[in-house]
Amino acid sequence: MGRGKRKRQIVGHGDGVNIPAALVEILRWSERIMVLTGAGISAESGVPTFRDAQTGLWARFKPEELATPEAFRLNPRLVWDWYAERRAKVRLVAPNPGHYALAAMEKLAPDFHLATQNVDGLHQRAGSRRVWELHGNLTRVKCFEDDGPFENWNETGPLPPRCPRCGGALRPDVVWFGESLPESALRAAEAASQKCEVFFSIGTSAMVYPAAGLAHTAKESGATLVEINTQETPLTRQADFFLGGPAGQFLPELVRAVWPKAQI
Ligand code: BJW
C-alpha cells in the first residue's frame, strides 16, 4: 500500500485540521515512512524560518548571503555574530507539538526515518532518537581550515575564536551554500527515500538541493507524497496530499488518527 498513482487531495487549514481518511488508511497499512523537515516545523517554537524577514541588526542582509563560505571569508565576525544570536535564541525555545508528534511516530511506525535541514536540534530535544542532520547543527563549531568539530569553545577573546589545533577561525558546524552535505547522512536519507511507501515534506520551501531532491526520489520510486506547509511550494503540484496549515497542528492530529493510542 502507499505506492502508485492517485488524485491529489488538498486540505486547507480553513477547513479545520481534517486529516483525509484516504491518507489515514494508507498510513495504517504502510511500514516504511520517510520524513524531511525544514524551518517551518520550528516556526511554532518561535525560531524564525530561514527566509523570514530579518529584523533589527540583520535587516540589511539576506540570509542566503550570510550562509556562505564567501561571506565568512569576507566578514567572519558578522557571520559569527549572526549564528551566535540564532544559537542564543534556540537555547531559549522548546520543541512544539509537531516535533513531539514526529518523535511519537518514530516509536509507532515499523520503519521510520527522519532527516532535517534544521540546525536547531529541536527534534532531538523532543525525543526523536535517530535524526539525519543534513545541514549540520548550530550547537557545534568546527575549524574553517581543518574541519574537526568542537562542542566547547572559548568566547572571551576576539571573535570568531581560534582553533586550538591550527589557529584557524572557528565557524558554526553547518552546511553553507556551495558546501557538501555530510555524506553518510545524505546517502542514508537517499536510500530511505527510494524505498519508503510514504514521504512527508514538512515545513520546507522545497527549494534547496540536494535535500529537496529527496521528495522527487521518493515520488519517482512510487511513494505517496504528503506535504505539510502553510504555503504552496514548487513541490505541491506533485504531492498526493497537501495539508495546508501549521505542522504543529496537523501532525499531532495525523498521528492520533492513525495510531489512536499514541501518546504525544
Ligand atoms: C511552515 C510553517 C508552519 C512556515 N508549518 N510550514 C540543484 C539545483 C539547483 C541548485 C543546486 C542544485 N544542487 C545544489 C545546488 C546549489 C545549492 C542550492 O540548492 N541552491 C538553491 C537555493 C537553488 N545547494 C547547495 O549549495 C548545497 N550544497 C551542494 O549541493 O553541494 C554540492 C554542490 C556545490 C556547488 C554546486 C553544485 C553542487 C548546500 C545547501 C546548504 C543549505 N544550507 C542552509 C544554511 C544552513 C545553516 C543555517 O541555518 O544558517 O540551510 S540554506 C537554508 O535553506 C538552510 C535551510 O536548512 C535550507 C532550507 O530552508 P527551508 O527549511 O526550506 O526554510 P525556508 O525558510 O526557506 O522555508 C520555510 C518553509 O516553512 C516555507 O515554505 C513556509 O511556508 C513554511 N512554514 N511556518 C508548516 N508552522
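Observations on the structure shown:
- Counting the residues of region 129-175 that are part of a loop (DSSP other than H, G, I, E, B) and either of a type in the set (Lys, Arg) or within 15 Å of the chain's Cα centre (by Cα) (or both) gives 7.
- Any hit, region 55-63, residues being open to solvent by 50 Å² or more (accessible area, probe 1.4 Å) and on the phi > 0 side of the Ramachandran plot: yes
- Restricting attention to region 42-51, the residues that are within 6 Å of the ligand (Cβ to nearest atom) and under 12 Å from the mean Cα position of the chain (by Cα) total 3.
- Test: residue in region 156-168 that is over 28 Å from ARG32 (Cα atoms) and among the aliphatic types (A, V, I, L, M): yes
- Unmet requirement for GLY157, which otherwise passes all of (1) open to solvent by 30 Å² or more (accessible area, probe 1.4 Å); (2) within 26 Å of VAL93 (Cα to Cα); (3) more than 16 Å from the ligand (Cβ to nearest atom): (2)
- Looking only at residues of region 212-249 that are among the acidic types (Asp, Glu) and buried (at least 17 other Cβ atoms within 10 Å of the Cβ), we find that the one that is nearest to the ligand (Cβ to nearest atom) is GLU227.
- Taken over region 177-211, residues that are open to solvent by 30 Å² or more (accessible area, probe 1.4 Å) and either at positive phi or among the polar types (S, T, N, Q) (or both) amount to 5.
- PRO95 vs. criteria open to solvent by less than 60 Å² (accessible area, probe 1.4 Å) and either more than 15 Å from the ligand (Cβ to nearest atom) or in contact with a Leu (Cβ under 6 Å, 6 or more places away or on another chain) (or both): yes
The values are calculated or read from the model by the stated rules, or taken from the named source; none is laboratory data. This is a predicted model, so every value here is computed, not measured. Neighbour counts are summed over all protein chains in view; Cβ atoms, including those assigned to glycine, are modelled from backbone coordinates with ideal geometry. We work out accessible area using only protein heavy atoms, side chains counted, and drop any ligands, DNA or RNA first. Shrake-Rupley method; radii C 1.70, N 1.55, O 1.52, S 1.80 Å.
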